[in-house]
1. Scan segment 135-152 for residues that are among the small types (Gly, Ala, Ser) and either modelled with pLDDT under 95 or closer than 16 Å to Leu202 by Cα (or both) and jot them down.
2. Let me spell it out: the conditions are (1) touching a strand residue (DSSP E or B) at 6+ places or on another chain (Cβ under 6 Å); (2) crowded, with 19+ Cβ neighbours inside 10 Å, and Lys196 meets all of them except one. Which number is the exception?
3. Among (1) more than 17 Å from Asn181 (Cβ to Cβ); (2) over 12 Å from the mean Cα position of the chain (by Cα); (3) of a type in the set (A, V, I, L, M, F, W, C), where does Phe161 come up short?
4. Checking the condition touching a Gly at 6+ places or on another chain (Cβ under 8 Å) and either more than 25 Å from Ser203 (Cα to Cα) or hydrophobic (A, V, I, L, M, F, W, C) (or both), which residue from Ala160, Ala170, Ala120 passes?
5. Please enumerate the residues belonging to segment 6-36 that are surrounded by 18 or more Cβ atoms within 10 Å (Cβ to Cβ) and touching a Ser or Thr at 6+ places or on another chain (Cβ under 7 Å).
6. Taking only pairs six or more apart or across chains, which ones have beta-carbon atoms under 8 Å, a first residue in segment 32-44 that is under 9 Å from Ile58 (Cα atoms), and a second residue that is modelled with pLDDT of 95 or more and of a type in the set (Ser, Thr, Tyr)?
Amino acid sequence: MNADELLKRYAAGERNFSAANLIGASLSEAFLSHICLAWANLKDINLASADLSWANLIDANLDSACLLLADLNGADLSRANLTRAKLTGADLIQAKLAHANLGDTKMIGVNLSGANLYRANLMEANLIEACLDEADLEKANLSEVKLRGASLRKANLTGAFLCESNLEGADLSGANLSGANLSGAFLCGANLQGAKLDEAILSGAIRFCVRQV
C-alpha cells in the first residue's frame, strides 16, 4: 500500500489499516483521526503536522518516524516502537504509551500531559521543556533523559528510573517520586515542592539549589 491509496480509502470511510506496510511513506499534514494502524510498519514515515488524534497505533513500528508537530491527542501507542522518532512540538495529551519504546527520541517541547507512560522506555530521550503534568510514568525508564526545564507537576514517577537524568530547572512540584532511582541525576534549580520522595534513591545526585518544602 502507498500513501495515495491509503488517503483515498480513508476518504471513502475506511479506517482499519492494521498491519499495513508504509515504510518511508509521506503523509505530512494528512487528516487521519481515529485511523487504525495497529501492528503497521511505519518505519521512516513522514507524519509531520498530521492529525492522528485518537488513532490506534498499538504495536506499530515507528522507528525513525517524523512526527514533528503531529496531533496525537488520545492516540493509543501502547507497545509501539518509537526509537529515534522525531516528536518535537507534538501533542500527546492523554495518549497511551504504556510499554512503548521511546529510546533516543527527540521530544523537545512535546505535550504529554496526562499521558500513560507506564513502564515505557525513554532512555536518552530529549524531553527539554516538555509538559508531562499528571502523566503516569510509573516504573518508566528515564535514565540519561534530558528533562531540563520540563514540567512534571503531579506526575506519577513511582519506581521510575531517572539515573543520570538532567532535571535542571524542572518542575516536579507535587510529583510522586516514591521509590524512584535518581542516582547521579542533575537536579540544580528543580522545584520539588510537595513532591513525595519516600524511599527514593538519591545517591550521587547533584542537589544544590534544589527547592524542597
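1. Result: Ser143, single match.
2. Every condition holds for Lys196 apart from (2).
3. Only one criterion in (1) more than 17 Å from Asn181 (Cβ to Cβ); (2) over 12 Å from the mean Cα position of the chain (by Cα); (3) of a type in the set (A, V, I, L, M, F, W, C) is unmet by Phe161, namely (1).
4. Exactly one of Ala160, Ala170, Ala120 is touching a Gly at 6+ places or on another chain (Cβ under 8 Å) and either more than 25 Å from Ser203 (Cα to Cα) or hydrophobic (A, V, I, L, M, F, W, C) (or both), namely Ala170.
5. Of everything in segment 6-36, just one residue is surrounded by 18 or more Cβ atoms within 10 Å (Cβ to Cβ) and touching a Ser or Thr at 6+ places or on another chain (Cβ under 7 Å), namely Cys36.
6. So the pair list comes out as Cys36/Ser18; Leu37/Ser18; Ala38/Ser18; Trp39/Ser18; Ala40/Ser18.
Yes/no per residue for (1) among the basic types (Lys, Arg); (2) modelled with pLDDT of 95 or more:
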| position | (1), (2) |
| --- | --- |
| Leu102 | no, yes |
| Lys154 | yes, yes |
| Leu167 | no, yes |
| Asp171 | no, yes |
| Cys188 | no, no |
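Residue-wise test of (1) surrounded by fewer than 24 Cβ atoms within 10 Å (Cβ to Cβ); (2) more than 10 Å from the chain's Cα centre (by Cα).
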site	(1), (2)
Asn41	yes, yes
Cys66	yes, yes
Gly74	yes, yes
Ala95	no, no
Asn121	yes, no
Ile128	yes, yes
Glu134	yes, yes
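The values are calculated or read from the model by the stated rules, or taken from the named source; none is laboratory data. These figures come from a predicted structure and were not determined experimentally. Quick reminder, even Gly has a Cβ in these numbers, built from the backbone with ideal geometry, and neighbours come from all protein chains shown.
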